[in-house]
Amino acid sequence: MKVETDSKAVTIDGNKLKNMLSSGSGLLEQLKKEIDSLNVFPVPDGDTGTNMNLTFRAACQSADKVTDHSIHEVASAASMGSLMGARGNSGVILSQIMRGIAKGLEGLKEANALQFAHALQTGVDTAYKAVMRPVEGTILTVSRETAKGAYNRAKSGETDILEILKAGYKRGEATLARTPYMLPVLKQAGVVDAGGKGFLTIVGGWISALEGNLPEPKSIIPGENLRDPVTLGITEIGSLDYPYCTEFLVKGNALVPERIKHDLIAKGDCLLVVGTDEVVKIHIHTKNPGLILDYAINHGSLHGIQIHNMFAQNEAAAHQAKAEVLKEDGRQEAEDYNIANSEQTGQSELKEYGIVAVAMGKGIGEIFYSLGVEQVVFGGQTMNPSTSDLAEAVLKVNARNVYILPNNSNIIMAASQVNEIIEDRQVYVIPTKSIPQAISALLAFNSDILPEENVTGMSDALNQVVSGEVTYAVRNTQFGDLDIAEGDILGLVNDKITATGKDIFEVAQKVLETMNWRDKDIVTIFYGKDMAEEDVGLLSAWLKDNKPDIEVEVYSGKQPLYYYILGVE
């Protein structure tokens with residue numbers, strides 16, 4: 001859709017920024033599958049484009065709710081939305097870029113070229129600080145060079161924001177083309193960095209918006225519309241002591257979110273306080289909503305007030321409505337377990353410990369519950385849960401100290417952000433990258449020791465197990481000395497491709513040999529939903545035939561995509 005624009009974009013206000021965000025989101029939606037295909041490993045988990053798309057869509061939905069024309073107000077809302085909706089490492093980094101952009105636009109009603117370029121640089125700086133070990137040749141490098149290109153053009157005297165973004169895009173595009181030479185793994189796979197491509201796609205959308213090429217409005221596909229990240233499911237099962245779910249915005253000057261958290265923490269539970277010094281979103285379950293509103297009005301004006309009596313809600317209808325949504329996005333099975341589990345753990349008084357874990361399949365979820373996990377978040381490969389998904393699960397656990405087991409390297413960063421948005425729980429992330437590691441960590445948990453001691457013990461337990469997977473290739477590629485064809489069976493050990501073949505059983509044998517299973521005491525097999533029990537029996541019998549004293553534990557994990565998840569210790 002072509003719209004008339006001024007000859008030059010000398011300034012951007014909140015409305016123009018909304019258009020830019022929407023355009024970037026629309027272009028990312030169109031190209032997400034192409035970006036997914038740039039995944040380095042040819043396994044069925046190429047989800048960078050999907051994760052960035054969902055993260056940025058959450059940012060846009062939050063920004064669209066802002067009625068103020070201030071660019072800072074819109075950028076702050078987008079920052080909050082991206083923080084809550086962040087999925088995967090690429091999504092988390094993108095959310096940090098958005099956070100920095102909002103910080104760089106602080107106090108501005110509208111921004112000129114130099115101010116916007118500075119905000120973009122602040123976004124990149126914020127993202128770099130958020131990553132413990134920044135790696136060049138990734139979204140970080142591409143976003144940094146894009147920001148540098150825009151800033152250099154602005155410093156040279158260019159006042160047209162469209163032109164500085166074009167300069168930034170050109171420099172970023174050249175950098176993206178060089179990413180295979182910065183990261184050998186990219187060159188080996190014959191791809192550029194997916195996160196960098198995603199970031200440039202967003203900037204390309206911003207340029208299109210300033211040129212007047214706005215995306216055509218489109219209806220939301222049922223089940224695709226993002227649910228509000230703050231309120232998703234939280235009102236469904238609340239504390240018996242705090243029946244009123246209270247949610248609103250406070251707008252003012254010099255607001256201090258941390259101070260507001262401190263002041264409200266004793267007034268209820270399920271407290272969320274996120275925002276900036278000008279706008280803060282508050283969500284709390286409380287006995288007396290009036291007291292919360294009286295407190296907040298002393299800090300600024302109140303907006304979007306919503307109060308729900310959770311006792312009065314029809315719980316069965318709520319479960320049914322939510323079930324329809326969950327059925328669409330594949331989390332129904334885990335949610336059924338969580339609802340049943342919450343009925344057993346719904347006491348109003350907080351206990352000392354609780355555990356949240358991410359699971360790929362129904363069977364794995366059942367195992368987690370048997371080992372003391374209270375909330376299972378369904379996800380993993382191709383289905384990375386967002387920060388808000390994990391925060392929601394934490395809030396349903398009636399414990400002061402909650403451990404999150406991400407069980408996937410691409411979920412750890414999103415889990416690490418949960419502590420930023422939850423006040424009345426202390427959240428500890430155990431950096432589990434696989435299901436076998438999670439089992440080992442759960443067995444190491446001790447309810448009689450201090451929280452920090454559990455972190456140490458559970459984290460140390462990860463080193464006691466070697467993890468392997470058997471899946472299939474989604475495209476042709478060369479990886480190291482391995483020639484991989486689409487449809488080949490792939491074997492991975494500790495996330496590294498070590499074997500290929502045409503037969504699942506043979507590849508599983510190769511994986512176990514690489515894991516040095518003969519020198520171990522226990523082999524654990526989680527078989528996927530597409531595996532027949534007789535085939536699993538053949539693998540188990542082979543292990544026993546070759547080492548009669550080996551302990552073999554076999555579980556129906558019912559996970560998708562992965563024929564086997566293996567652990568040896």
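Bear in mind that the values in this text are calculations on the coordinates, not laboratory data. Not measured: the values here are computed from a predicted model. All Cβ positions, glycine included, derive from the backbone under ideal geometry; neighbour counts span all protein chains shown.
Taking the Cα-to-Cβ direction at Asp519 and at Asn309 and moving 7 Å from each Cα, how far apart do the two end points lie in nm?
6.7 nm
How much mean residue ellipticity at 222 nm does the chain get from its helices, if each DSSP H run of length 4 or more adds -39500 (n - 2.57) and you divide by all residues, to the nearest 500 deg cm²/dmol?
About -15000 deg cm²/dmol.
In straight Cα distance, which lysines are under 21 Å from Lys65, not counting same-chain residues fewer than 8 positions off?
Those lysines meeting the cut-off are Lys16, Lys18, Lys103, Lys109, Lys218, Lys251, Lys281.
In square nanometres and to one decimal, what's the mean projected area of the convex hull around the Cα atoms of the range 503-569?
4.0 nm²
Got the relative contact order for the chain handy, in percent, Cα pairs under 8 Å and 6 or more residues apart?
12 percent
In the chain, what % of DSSP beta bridges are antiparallel (nearest 5)?
In the chain, approximately 70 percent of DSSP beta bridges are antiparallel ones.
Order of 96-102, 169-175 by packing, highest average Cβ count within 10 Å first?
Output ranking for 96-102, 169-175: 96-102, 169-175.
Setting aside same-chain residues fewer than 8 positions from Lys187, which lysines have a Cα under 19 Å from its Cα?
Lys197, Lys496
Figure the gain on full extension for Leu538 and Leu302 (residue separation times 0.36 nm, minus the Cα-Cα span) and round it to one decimal in nm.
Gain on stretching Leu538 to Leu302: 78.5 nm.
Which residues does a label at Met132 reach in the range 397-429, if reach means a backbone N under 17 Å from a point 7 Å past the Cα toward the Cβ?
403-420, 427-429
Please give the direction-averaged projected area of the C-alpha convex hull for the range 122-163, in square nanometres with one decimal.
3.2 nm²
Based on C-alpha coordinates, I'd like the Rg and Dmax of the range 447-491, in Å.
Final numbers for Rg and Dmax: 18.7, 51 Å.
Between Lys496 and Ala177, 0.36 nm times their residue separation minus their Cα-Cα distance comes to what?
112.3 nm
Could you work out the local net charge near Leu302, counting Lys and Arg as +1, Asp and Glu as -1, over the other residues with Cβ closer than 12 Å to its Cβ?
Once positives and negatives cancel, what remains is 0.
How big is the charge dipole of the chain about its Cα centre, in debye rounded to the nearest 20, if each Lys and Arg gets +1 on its Cβ and each Asp and Glu gets -1 on its Cβ?
Here the size comes out at about 1800 debye.
May I ask for the net charge around Ile292, where only other residues with Cβ less than 12 Å from the Cβ of Ile292 are counted and Lys, Arg are +1 while Asp, Glu are -1?
For residues surrounding Ile292, the net value is -1.
For Asn446 and His69 in the same chain, what is the full-extension length gain: residue separation times 0.36 nm, less their Cα-Cα distance, in nm?
130.5 nm
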